[in-house]
Structure formats: structure tokens, C-alpha cells
Amino acid sequence: VAVPPGGVRSLSVAASLIGSLDEVYDIRRCANEQLLAASCASNSVYLFDTAARGFALHDTLVGHSEVVVAVDAAGSLLATASKDSTARVWFVECDRAKDGSVAAVRSRCVALAKGHTG
């Protein structure tokens with residue numbers, strides 16, 4: 001977003017994430033841009049439907065033992081990094097219903113890197 005010279009541009013809220021999220025650390029589109037992945041002050045990553053009004057929660061990725069601080073995505077792969085010194089790669093895909101909403105989400109951890117210390 002471009003900031004006009006000499007001022008701050010005001011933005012309005014277009015949509016809100018619905019769920020019991022605490023502090024949000026990182027957000028990325030995933031599953032080929034069909035879902036939004038959010039990491040927050042928990043050990044999980046939450047997957048929201050980007051086409052649903054209000055960004056409805058559809059799946060939760062569980063596996064880290066401490067706070068997930070970062071997420072990144074490419075196609076159907078989602079990478080997560082946690083304070084538990086691990087990084088995980090998840091395969092995430094979804095099927096859409098005829099009305100465009102998410103009909104089903106499939107996810108699984110396909111890789112685990114342990115022991116990062118820096």
C-alpha cells in the first residue's frame with residue numbers, strides 16, 4: 001500500500017478471522033491460494049476459507065510443542081517454524097463446493113526438521 005506524501009493512508013477492515021485466535025504472528029495464503037494459514041500464540045496453525053464470508057475456520061494443523069512463529073507457502077505445501085526448534089512441511093489441499101465454499105480440507109505433515117538452535 002502506497003503512503004501518500006506527508007501523511008498516513010487510512011485503511012478499512014475488509015474481513016475478520018473468526019475463531020479464538022490470540023496474538024497473530026504470521027499469515028500466508030496456502031493450498032494454491034484457497035486457504036489462509038495463521039500462526040498465533042499457540043502450538044497450532046489455523047486454516048481459514050478465503051472465499052467464505054468472515055474467513056471461516058476449516059482446519060487446525062497440530063504437531064508443534066511450542067508457539068508457531070512463522071509460516072510460508074508454495075502451491076499445496078505449507079512450511080511452519082516453531083520455538084520448539086523444529087520446522088514442519090505440510091501438504092494442504094481443499095475441495096470447493098459448487099457455491100465456492102470449502103467442502104473439505106486435507107492436510108498432513110510430510111517433513112520434519114529438528115534441532116535448529118539459531
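The values are calculated or read from the model by the stated rules, or taken from the named source; none is laboratory data. Note that the coordinates shown come from a computational prediction; the quantities given were computed from them, not determined experimentally. Here Cβ is always computed from backbone atoms with ideal geometry, including for glycine, and neighbour counts include all displayed protein chains. Only protein heavy atoms, including side chains, enter the accessible area calculation; ligands, DNA and RNA are left aside. Shrake-Rupley method; radii C 1.70, N 1.55, O 1.52, S 1.80 Å.
Please count how many residues of the range 70-87 are in contact with a Ser or Thr (Cβ under 6 Å, 6 or more places away or on another chain) and surrounded by fewer than 13 Cβ atoms within 10 Å (Cβ to Cβ). Break it down stepwise before answering.
Looking only at the range 70-87, we keep the residues that are in contact with a Ser or Thr (Cβ under 6 Å, 6 or more places away or on another chain), and these are 71, 84.
Retained after the next criterion (residues that are surrounded by fewer than 13 Cβ atoms within 10 Å (Cβ to Cβ)): none.
So the count comes out to 0.
Before we move on, is Phe91 modelled with pLDDT of 90 or more and of a type outside the set (Asp, Glu)?
On the way: modelled with pLDDT of 90 or more: yes; of a type outside the set (Asp, Glu): yes.
When the stated conditions are applied, Phe91 passes them.
Which one is farthest from Phe55 (Cα to Cα), of the residues in the range 106-116 that are within 17 Å of the chain's Cα centre (by Cα) and open to solvent by 80 Å² or more (accessible area, probe 1.4 Å)? Break it down into steps so the answer makes sense when it comes.
Step one: of the range 106-116, the residues within 17 Å of the chain's Cα centre (by Cα) are 106-110.
Adding the requirement that they be open to solvent by 80 Å² or more (accessible area, probe 1.4 Å) leaves 106, 108.
Numbers: Arg106: 18, Arg108: 21 Å.
Looking at residues that are within 17 Å of the chain's Cα centre (by Cα) and open to solvent by 80 Å² or more (accessible area, probe 1.4 Å), I get Arg108.
Working only within the range 71-118, note down all residues that are without any contact (Cβ under 8 Å) to a residue 12 or more places away in the chain and out of contact with any Asp or Glu (no Cβ under 9 Å at 6 or more places or on another chain). Write out each step before concluding.
Taking the range 71-118 as the starting set, the residues that turn out to be without any contact (Cβ under 8 Å) to a residue 12 or more places away in the chain are 74, 79, 95, 97-99, 103-104, 118.
Ala74, Asp95, Ala97, Lys98, Asp99, Gly118 - these are the residues of the range 71-118 that are without any contact (Cβ under 8 Å) to a residue 12 or more places away in the chain and out of contact with any Asp or Glu (no Cβ under 9 Å at 6 or more places or on another chain).
From the set of residues in the range 93-105 that are within 14 Å of the chain's Cα centre (by Cα) and hydrophobic (A, V, I, L, M, F, W, C), which is surrounded by the fewest Cβ atoms within 10 Å (Cβ to Cβ)? It would help to see each step written out before you state the result.
First pass over the range 93-105, keeping only residues within 14 Å of the chain's Cα centre (by Cα): 93-94, 105.
From the residues that got through so far, the ones that are hydrophobic (A, V, I, L, M, F, W, C) too are 94, 105.
Values: Cys94: 23, Val105: 17.
Among those that are within 14 Å of the chain's Cα centre (by Cα) and hydrophobic (A, V, I, L, M, F, W, C), it is Val105.
Can you pull out every residue in the range 95-118 that is more than 17 Å from His58 (Cβ to Cβ), out of contact with any Ser or Thr (no Cβ under 7 Å at 6 or more places or on another chain) and modelled with pLDDT of 95 or more?
Within the range 95-118, Cys109, Val110, Ala111 meet the criteria.
Take the residues in the range 25-69 that are touching a Ser or Thr at 6+ places or on another chain (Cβ under 7 Å) and among the β-branched types (Val, Ile, Thr), then tell me which one is most open to solvent (accessible area, probe 1.4 Å).
Looking at the filtered set, the residue picked out is Val62.
Which of (1) open to solvent by 40 Å² or more (accessible area, probe 1.4 Å); (2) under 12 Å from the mean Cα position of the chain (by Cα) is the odd one out, the single condition Trp90 does not satisfy?
(1)
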